[in-house]
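The values are calculated or read from the model by the stated rules, or taken from the named source; none is laboratory data. Quick caveat: nothing in here was measured; it's all calculated off a predicted structure. Here the Cβ is made from the backbone with ideal geometry for all residues, glycine too, and neighbour counts use every protein chain on show.
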Amino acid sequence: MKKNRFTENQLLGGIVVLSLIILVVVPLIVNIINNSRKNLLKTSAYGILEAAKLFYTKNMIDSSYNLITFNYKDSIEISEISDKKLGFKGSAPKIGRVSINKKGKIAIALYDGLYCVEILKM
């Protein structure tokens, strides 16, 4: 009666091959995840910029405010003016600030816990 079994060398070879595959694949996957997080924050920043431009067009021209600031803390939007929100598509940053002045200058600083984005639109 013949039994089919792997030898120790075959098992060791299989473990070495799997280890090498994992050694190559894991950094690639981590890099893809990090690039996705970067791109998500960048996309959110441009969405917030467009929302700030729209907010300026609708509210700031006839407003008595010289500067309006929107703050983000733990992904919650807090405005100096309680009834005003930017309302943008995308995910809110973990921490950040959006400032719009009377002349239409927009300053954005966002942080998601790992990456930071700063935009100054004149």
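Contact map, the range 49-62: first residue aliphatic (A, V, I, L, M), second residue at pLDDT below 85 and surrounded by 14 or more Cβ atoms within 10 Å (Cβ to Cβ), Cβ cut-off under 6 Å, separation 6 or more or different chains; pairs are 51/86; 51/88. Of all residues in the range 90-115, those satisfying the criterion of being hydrophobic (A, V, I, L, M, F, W, C) and either without any contact (Cβ under 8 Å) to a residue 12 or more places away in the chain or not in a strand (DSSP E or B) (or both) are 92, 114. The residue that is surrounded by the fewest Cβ atoms within 10 Å (Cβ to Cβ), counting only those in the range 66-89 that are acidic (Asp, Glu) and in a loop (DSSP other than H, G, I, E, B), is 83. Name the residues in the range 98-115 that are surrounded by fewer than 17 Cβ atoms within 10 Å (Cβ to Cβ) and within 17 Å of the chain's Cα centre (by Cα), would you? Once the filter is applied, which keeps residues that are surrounded by fewer than 17 Cβ atoms within 10 Å (Cβ to Cβ) and within 17 Å of the chain's Cα centre (by Cα), the range 98-115 yields 111, 113, 114, 115. If you go through the range 51-64 and keep only what is assigned to a helix (DSSP H, G or I) and surrounded by 13 or more Cβ atoms within 10 Å (Cβ to Cβ), you end up with 51, 52, 53, 54, 55, 56, 59, 60. What single numbered condition from (1) among the hydroxyl-bearing types (Ser, Thr, Tyr); (2) over 30 Å from residue 37 (Cβ atoms); (3) in contact with a helix residue (DSSP H, G or I) (Cβ under 7 Å, 6 or more places away or on another chain) fails to hold for residue 91? It fails just one condition, (2). Residue 5 meets each of the listed conditions (1) in contact with a strand residue (DSSP E or B) (Cβ under 8 Å, 6 or more places away or on another chain); (2) assigned to a loop (DSSP other than H, G, I, E, B) apart from (1).
Selection over the range 28-48 of residues that are basic (Lys, Arg) and surrounded by fewer than 13 Cβ atoms within 10 Å (Cβ to Cβ) gives a count of 0.
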